[in-house]
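What follows is a single structure, written as structure tokens, with notes after it.
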Amino acid sequence: MLHKILVIGGGVGGTMTANHLVTKLYPEIRSGKVQITLLSNSPWHYYKPAFMYVAFTKFFRDELRRPQRGLLRPEIDFQIEEVEQFDFQGNKVKCKSGHTFGYDHLIISTGCVPTPERIEGLKEAGDHFYQYAPARQLAEKLRTIEKGRILITVTFPKTPNVPHQCGIAPMETTLMVDALLRKRGVRNKVEIVYTYPTVAQGVQCGLFLQSGVSEVLPAVFDQNGIKYNRGFTLERVDPGAKVAYSAEGKEENFDILMATPPIRAVKAVRESGISHAEDDEGWLPTDHESMKVLGLENVYVLGDTVDLPISKAGGSCHNQSPVVVNNVASEIRFGHTCDAYEGRVVAIAQMGLEEGMPLWYDYTHEVIPTPATKLGGMTRKGFNRGIYWAVARGLL
Ligand SMILES: Cc1cc2nc3c(=O)[nH]c(=O)nc-3n(C[C@H](O)[C@H](O)[C@H](O)COP(=O)(O)OP(=O)(O)OC[C@H]3O[C@@H](n4cnc5c(N)ncnc54)[C@H](O)[C@@H]3O)c2cc1C
């Protein structure tokens, strides 16, 4: 009997997982016993971390995207479809087009979306780099600011222990702003103020979501003349006065407000009825080891849609995807799962415009910060410009 595996989402999680599945289950696919279908609502695959570089005019649209079909192994049935409804009891999904797709195994990797409109005044007065168009808008401001104050804010999901997207991005971009303004010769006329919420994931009154990095950051910021304000949970923004107010009762004025805005899961996932996340955030309850959606034996989730206490990062997908693939293949072949995710995240942080810092952590080990180096910067550049596409293709 034909075993149907349905993957939803053509981002890094879905793409690499579909490709890895072909490699792992090649004999079954060749003999017609297994079929892999990937549905995505876009014909394009975006290398999302590059949006951050767009804000510094280092990347333009056509450099950071590829046609989705071209990244997939030919054995994968790829269809441009937007899933509107999950029917977990009936083992099928319903799409906007009216088409329905059945499955034996379902893998969800639909990411998350920034929602600045969920904080009063933030959409009107703030900027961010988590999508292409907002990053272009921010680029124009960073390219032209001559004097004033740049305020950085970070908003965490309300669901406990779920981090914002890409834990390191606010810190990376703060250092990039500093380097850019120095290059432009206006750094002495622009104040940079980095803020972090009181209750972040693993720390209280820190500057990063883990204590090790939180402890070394003040020295890095001091060295570059970047001010910082621990315990600033953005509550509302007054666009007219250009002032940001925090839940702790503090206020900060700004000329540019570079925010890490609230995020949540996509609509179809939020409306799937199985999330227990707070504030309609929609994170799917995920088994920390098997990567299955809790309570659903044949449904897996990875990437930004999970409710795991680890970074919403491509470097997480890279370590979750093989676990999902091994478990699906093992269930098909032997009737049980065989692999467990340890919470590993591997990435290279961009430190300023030229340097980089490799970092890795898991459920039990925090990041151990190391000095930023030019070699780290070159490795990051290599990943941005080439290695990423091999990773998405499932080659690395
Ligand atoms: C500015 C920025 C900087 C970052 N920096 C880093 C970094 O340095 N290192 C790192 O490791 N990670 C970084 N990340 C995070 C990384 O990009 C994400 O964690 C990763 O893309 C998540 O992969 P995903 O597959 O879960 O979701 P996505 O990559 O978001 O893919 C989701 C896919 O699902 C599709 N989709 C959505 N809804 C539907 C639907 N209803 N039906 C069908 N298809 C749907 C979308 O079109 C998309 O193809 C960064 C992200 C941003 C935005």
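Just so it is clear, none of the values below were taken in a lab; they were calculated from the coordinates. All of these numbers come straight from a predicted model, not from anything done at the bench. Cβ atoms come from the backbone with ideal geometry, glycine included; neighbour counts cover every protein chain shown.
Taken over the Cα atoms of region 115-263, the convex hull encloses 99 Å³ per residue.
Step through the table entries LYS48/LYS312; LYS183/LYS312; LYS158/LYS312, compare each Cα-Cα distance with 20 Å, and write down the pairs that go over it. From the list (LYS48/LYS312; LYS183/LYS312; LYS158/LYS312), the Cα-Cα distance tops 20 Å for LYS183/LYS312. Rounded to the nearest 20 debye, the dipole size of the chain about its Cα centre is 1460 debye, using +1 on the Cβ of Lys and Arg and -1 on the Cβ of Asp and Glu.
In terms of its Cα atoms, region 53-103 spans 47, 26, 18 Å along the principal axes, sorted from long to short. Computed from the C-beta positions of GLU120 and ASP339, the FRET efficiency with R₀ = 51 Å rounds to 0.70. Within the chain, the ratio Rg/Rh, alpha carbon atoms throughout and Rh by Kirkwood, equals 0.98. Nearest 10 degrees is fine. How inclined is helix 12-24 to the longest principal axis of the chain, computing both from alpha carbons? That helix lies at roughly 30 degrees to the long axis.
The angle between the Cα long axis of helix 132-144 and the longest principal axis of the Cα atoms of the chain comes to about 20 degrees, rounded to the nearest 10. Label-to-label distance for ILE274 and LYS158 is 2.4 nm, based on points extended 7 Å past Cα in the beta-carbon direction. Computed per residue of the chain from DSSP H runs no shorter than four, each worth -39500 (n - 2.57), the mean residue ellipticity at 222 nm is -8000 deg cm²/dmol.
Of all beta bridges that DSSP places with both ends in the chain, some 45 percent have antiparallel geometry. Rounded to the nearest 10 degrees, the inclination of helix 169-184 to the longest alpha-carbon principal axis of the chain is 50 degrees. Close amide H contacts of ALA372 (hydrogens built in the peptide plane, cut-off under 5 Å, sequence separation of 5 or more or a different chain): none are found. Let me know the shape class of region 290-396, please: from the alpha-carbon gyration tensor, a ≥ b ≥ c as square roots of the eigenvalues, rounded when a/c is under 1.5, otherwise prolate if a/b is greater than b/c, or oblate. Prolate.
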